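The structure under discussion appears below in the form of structure tokens.
The values are calculated or read from the model by the stated rules, or taken from the named source; none is laboratory data. Since we're looking at a predicted model, the values are computed, not measured. Ideal geometry is used to build each Cβ from the backbone, glycine not excepted, and the neighbour counts take in all protein chains shown.
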């Protein structure tokens, strides 16, 4: 009897409408998170090359190299240029792919991992307040939620997108 009552409740037009509204809101939230994370990655890269100042030059990237050395103060100095260029390439790729919505399972997971590594490096070098003030871990959490949603929608990690 209880099962019949639950079936009646879940099959009413009001319940179905609420479920559709929830799905609609969730889709907008996923789109918003994808664009916000992707734009944040691309904005950081744009700053690195002076695009926000409208002065495209390598002086800005030299400043970024100094910042990368500070964030990764525990790494050997010889690794900093590689780390800076690798981060730049990763952020550019992830930013574009997030905005386009391509390979969301793996791109979102990679974004979460990259942000977690960045936040951890900031915490080691500057203290925990720094990544907290810049919401690095919350951005990583948002990327992880995107990955979770993409895995749920597209099946297990073993299946292709």
Please tell me if residue 97 is under 24 Å from the mean Cα position of the chain (by Cα) and either at pLDDT 95 or above or over 24 Å from residue 141 (Cα atoms) (or both). yes
Only one of 111, 78, 84, 62 is without any contact (Cβ under 8 Å) to a residue 60 or more places away in the chain and either part of a loop (DSSP other than H, G, I, E, B) or in contact with a helix residue (DSSP H, G or I) (Cβ under 8 Å, 6 or more places away or on another chain) (or both); which? 84
Please tell me if residue 51 is surrounded by 11 or more Cβ atoms within 10 Å (Cβ to Cβ), in a loop (DSSP other than H, G, I, E, B), within 27 Å of the chain's Cα centre (by Cα) and at pLDDT 75 or above. yes
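Return yes or no: is residue 131 farther than 23 Å from residue 32 by Cα and assigned to a helix (DSSP H, G or I)?
On the way: farther than 23 Å from residue 32 by Cα: no; assigned to a helix (DSSP H, G or I): yes.
The answer is no for residue 131.
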Under 7 Å between Cβ atoms, which residue pairs at least 6 apart in sequence (or on different chains) link something in segment 6-32 that is at negative phi and in a helix (DSSP H, G or I) with a partner that is surrounded by 10 or more Cβ atoms within 10 Å (Cβ to Cβ) and at pLDDT 75 or above? 30/146; 30/149
Going by the structure shown, is residue 41 within 22 Å of residue 140 (Cβ to Cβ) and in a loop (DSSP other than H, G, I, E, B)? no
